[in-house]
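Accompanying notes for the structure given below.
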Amino acid sequence: MAIDLKMDFEVTSADINKEALAVLQKQGIHTIEADLSKAETVRALIHDFDLVIGAVPGFMGFNTLKTLIEAGKNVVDISFFPEDAFELDMLAKEKGVVAVTDCGVAPGMCNIILGYHNARMKVEKYVCLVGGLPVVREWPYEYKAVFSPIDVIEEYIRPARYVENGYTIVREALSDPELINFENVGTVEAFNTDGLRSLIKTVNVPNMIEKTMRYPGCIEYLRIAAGKRFFLL
């Protein structure tokens, strides 16, 4: 995101990870090493900027977003936090702030695509199939880590919400698996994940669901890993 924005804007990126910052420095992006878990640090860093992009891990996302709104900063956020972003709606309105949350790929781009079509036609059913599949399957992960690994794990354990006949349904993670075949890719398995997010409240589509796709065997692998008990000396 920083590299893309650098094409047209002045960009500064803050992170606690020196290696991550070094990559951006090679692209001519100004960087600041900082612990973003501290609200006072975040407030000091963002003081002189016009727009803030939130890309912290999900467990930090809600509190970081709240800090940004309290500071009166417009923000676009991609963090996969478990809290309800609408809890900050009144605060954003009081501060005159625009806060766009869940603005990644899924949730994010998929939500925008649905919103676009929902404004132009009557949508009865929406199915989002999303996955970060590497071309080459490599053990043990068989996965392309395209965002925060800790939030990938959240996808596998967080209860999944979907909408069926106008009602919100909550199912356990990894539920309702199915096999789907794609030309030039082959067969993948898909399971329920909690990616609808704000769509549950903002669009009136009676049937909506998100499923995450992985190579076959992923669900069994995850369940076995989750069931293991370890004793460390």
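The values are calculated or read from the model by the stated rules, or taken from the named source; none is laboratory data. Please read all numbers here as calculations on a predicted model, not as lab measurements. Don't worry about glycine lacking a Cβ; one is built from the backbone with ideal geometry, like all the others, and counts go over all protein chains shown. Note: accessible area is taken over every heavy atom of the protein model, side chains too, but ligands, DNA and RNA are not part of it. Shrake-Rupley method; radii C 1.70, N 1.55, O 1.52, S 1.80 Å.
Numbers at a glance
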read-out: Selection count, segment 198-226, where residues are basic (Lys, Arg) and open to solvent by 20 Å² or more (accessible area, probe 1.4 Å); value: 2
read-out: Enumeration of residues in segment 82-92 that are within 17 Å of Ser37 (Cβ to Cβ) and modelled with pLDDT of 95 or more; value: Glu83
read-out: Which numbered condition Glu94 fails, given (1) open to solvent by less than 90 Å² (accessible area, probe 1.4 Å); (2) closer than 29 Å to Lys201 by Cα; (3) outside any strand (DSSP E or B); (4) out of contact with any Pro (no Cβ under 9 Å at 6 or more places or on another chain); value: (1)
read-out: Of all residues making up segment 142-168, the number that are open to solvent by less than 70 Å² (accessible area, probe 1.4 Å) and at pLDDT 95 or above; value: 4
read-out: Tally of residues being open to solvent by 80 Å² or more (accessible area, probe 1.4 Å) and within 21 Å of the chain's Cα centre (by Cα) across segment 1-46; value: 3
read-out: Strands (runs of 3 or more DSSP E) wholly inside segment 119-233 that include at least 3 residues being under 25 Å from Pro82 (Cβ atoms); value: 125-130, 160-164, 167-171, 186-192, 207-214
read-out: Every residue from segment 74-91 that is open to solvent by 30 Å² or more (accessible area, probe 1.4 Å), more than 24 Å from Tyr156 (Cα to Cα) and not β-branched (Val, Ile, Thr); value: Asn74, Glu87, Asp89, Met90, Leu91
read-out: Enumeration of residues in segment 57-73 that are open to solvent by 60 Å² or more (accessible area, probe 1.4 Å) and either over 24 Å from Arg158 (Cβ atoms) or charged (D, E, K, R) (or both); value: Lys66, Glu70
read-out: Val130 being β-branched (Val, Ile, Thr), open to solvent by 80 Å² or more (accessible area, probe 1.4 Å), at pLDDT below 95 and within 19 Å of the chain's Cα centre (by Cα); value: no
read-out: Every residue from segment 164-182 that is of a type in the set (S, T, N, Q) and without any contact (Cβ under 8 Å) to a residue 12 or more places away in the chain; value: Asn181
read-out: Qualifying positions in segment 47-56 - within 19 Å of Ile78 (Cβ to Cβ) and either open to solvent by 40 Å² or more (accessible area, probe 1.4 Å) or of a type in the set (A, V, I, L, M, F, W, C) (or both); value: Phe49, Asp50, Leu51, Val52, Ile53, Ala55, Val56
read-out: Segment 169-178, subset within 18 Å of Tyr221 (Cβ to Cβ) and of a type outside the set (Ser, Thr, Tyr), residue most open to solvent (accessible area, probe 1.4 Å); value: Glu172
